[in-house]
Amino acid sequence: MSGLKVVVAGAGGRMGAAVIAAIAATPGLVLHAALDRHDSPGSGKDAGQLAGLLPLAIPVTSDSEAALAGADALIDFTAPAVSVHFAELAAPRGLVHVIGTTGFTPEEDWSIAKAGQAGARIVKSGNFSLGVNVLAGLVQQASKMLADYDIEIVEMHHNRKVDAPSGTALLLGQAAAEGRNVDLATHSVRVRDGHTGARVNGTIGFASLRGGTVVGEHTVLLAGPSERIELTHRAENRSIFAHGALHAAVWANRQPPGLYGMADVLGFAE
Ligand code: NAD
């Protein structure tokens, strides 16, 4: 069958299922293989059925070498160490590697950047939705225009999420930092507890809420004297991330090796 041959990593996960369903709904894309841990509950099961579709006769496997043979692209919503490992497998094969995983350490980010120099076409983003990437542009602009306002970023996710702040909150924080022309790492306040003293001017604060089945909600507050602006995005289901990741894979298939972000894919990068 012709079309872009896509491998889904983390096929038994929440995002994996959404990506498999989105591939089935997108002409020009073919599910080539489905990967998950050998001891995951989905291992050996039919990838289509796991995604709530009719059977696709593609069992979920942990054999990444076999899964990647003959593939064009790998869509990866797994865990940081796993994505680093897949980046090392994707580079020598010249694959498109779309990384949606969040919660990387700076060292892991560096390993992925290295894979982008070694042959892979990587698109990595803390959020693949169009709306959040537009929001990032608005946040950058507002942070610049309201240079003295206090910036706080509040996010809420379901009770199974393992990293905080969310990758999207950090993406929005980065946009705010760029609007202010400051380094996010040295200007962010990730936790407040006890006698913290007054808020330090120019910092970007984060707060994380966890509960229920919330897919993802983010608000960036810009608080000034006697007024505040709240810029909010609410994800209603995971299909927005899945379709964005597939759009990124099709785009990256036409690009030279390198590490790209969603702003490149959407043409928002300067
Ligand atoms: P999940 O726990 O439901 O799924 C993760 C899957 O990865 C599981 O099935 C797990 O078994 C699998 N996995 C673990 N080790 C593996 C390995 N070695 N090989 C193959 N598969 C392996 O989590 P989720 O909600 O689907 O989220 C996954 C990641 O995607 C998280 O980091 C989350 O924050 C992120 N995420 C990103 C976006 C975005 O737009 N960038 C959107 C939603 C979620």
*ALA57 free of Cβ contacts under 8 Å to residues at least 40 places away in the same chain, more than 15 Å from HIS247 (Cα to Cα) and not acidic (Asp, Glu)*: yes
_I'm trying to understand the selection: among the residues of the stretch 116-136, which are open to solvent by 10 Å² or more (accessible area, probe 1.4 Å), more than 16 Å from the ligand (Cβ to nearest atom) and modelled with pLDDT under 95?_
GLN117, ALA118, GLY119
*Output the number of residues of the stretch 135-162 satisfying the condition of being in a strand (DSSP E or B) and either touching a Cys at 6+ places or on another chain (Cβ under 9 Å) or β-branched (Val, Ile, Thr) (or both).*
3
_Any chance SER226 is away from the ligand (no atom under 14 Å from the Cβ) and in contact with a Phe, Trp or Tyr (Cβ under 7 Å, 6 or more places away or on another chain)_ = no
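When you scan the stretch 141-159, how many residues do you find that are within 21 Å of GLY244 (Cβ to Cβ) and either surrounded by fewer than 18 Cβ atoms within 10 Å (Cβ to Cβ) or within 13 Å of the ligand (Cβ to nearest atom) (or both)?
Filtering the stretch 141-159 for residues within 21 Å of GLY244 (Cβ to Cβ) gives 153, 155-158.
Next cut, either surrounded by fewer than 18 Cβ atoms within 10 Å (Cβ to Cβ) or within 13 Å of the ligand (Cβ to nearest atom) (or both) only: 155, 157-158.
Residues that pass the stated criteria total 3.
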*asked:* Looking only at the stretch 101-134, how many residues end up being within 15 Å of ALA79 (Cβ to Cβ) and assigned to a loop (DSSP other than H, G, I, E, B)?
replied: 6
*With the checklist (1) touching a helix residue (DSSP H, G or I) at 6+ places or on another chain (Cβ under 8 Å); (2) under 23 Å from ARG228 (Cβ atoms) in hand, flag the one item SER166 doesn't pass.*
(1)
*So which pairs qualify, if the first residue must be in the stretch 230-245 and more than 8 Å from the ligand (Cβ to nearest atom), the second must be open to solvent by 70 Å² or more (accessible area, probe 1.4 Å) and part of a helix (DSSP H, G or I), the Cβ gap must be under 6 Å, and the two must be at least 6 apart or on different chains?*
LEU231/LEU138
*Give, as residue ranges, the strands (runs of 3 or more DSSP E) completely inside the stretch 163-270 that count at least 3 residues that are open to solvent by less than 20 Å² (accessible area, probe 1.4 Å).*
204-210, 217-224
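The values are calculated or read from the model by the stated rules, or taken from the named source; none is laboratory data. These numbers were taken from a predicted model, which means no experiment stands behind them. All Cβ positions, glycine included, derive from the backbone under ideal geometry; neighbour counts span all protein chains shown. Heavy atoms of the whole protein, side chains included, go into the accessibility calculation; ligands, DNA and RNA do not. Shrake-Rupley method; radii C 1.70, N 1.55, O 1.52, S 1.80 Å.
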